[in-house]
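Take a look at the structure set out below.
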């Protein structure tokens, strides 16, 4: 089944404790992206990747890192989480990225609470 | 980037057509209109997209006005499972594919 998977789905952590949220897709997509969703603010892009070893900042990259060493994986790293990073996170992928008419496929989400 | 304006919420009776409007008066000529929906904090789901012409697929129809400044998503026979937040999005400029979701329209399908 074609899908985007994220792990963990739920995470409670404390301020300053490094964490990684994994994202994997099995559709051989080149484009992958991370979003966060907060009440009243909609969905905002954190980072995106057009291909392996190619990443760029989205609208709200502060406090986050990403890497794209393999095509299928795009982990989101919080080196020193803070309470304002408490949010619902989504990973997404699309075949190429930047092609008009293309669609993005989203993962199920990771709900993060930073105490 | 073209911004979109949608009503905050709408109700629709089960079995009736749900018509969700979206204004995008600053849309550029090469920008597409996309619709996604999100059911209760699940990952957003693609519905349909269009450029100039009206479009239809198994989920919905998209009607785009001739001046492209507004569009309407139509769910022909709404069911309870269509209760969700619907997002109208205009694709950002060429070279990247950064979806920006606004607040969307909360559609409640009522039995």
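What the table shows:
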item: Distance histogram in 5 Å bins (all Cα pairs of the stretch B:37-89, percent per bin); result: 4, 19, 28, 25, 15, 7, 2
item: Fewest-first ranking of B:66, A:70, using other Cβ atoms within 10 Å as the exposure measure; result: B:66, A:70
item: Per-peptide average of other Cβ atoms within 10 Å, ordering A:50-60, A:1-11 highest first; result: A:50-60, A:1-11
item: Inter-probe distance in nm under a simple model that places probes 7 Å from Cα toward Cβ, at residue A:99 and residue A:115; result: 4.6 nm
item: Averaged over A:43-56, number of beta-carbon atoms from partner chains that fall within 10 Å; result: 2
item: Förster-model FRET efficiency, 45 Å R0, residue A:79 and residue B:69, C-beta, rounded to 0.05; result: 0.55
item: Alpha-carbon centroid distance for the pair the stretch B:40-71 / the stretch B:18-35, whole angstrom; result: 8 Å
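Throughout, read-outs are computed from the coordinates displayed, never taken from laboratory work. Just so you know, these numbers come straight off a predicted model, no measurement behind them. Glycine also receives a Cβ, built like all others from the backbone with ideal geometry; neighbour counts cover every protein chain displayed.
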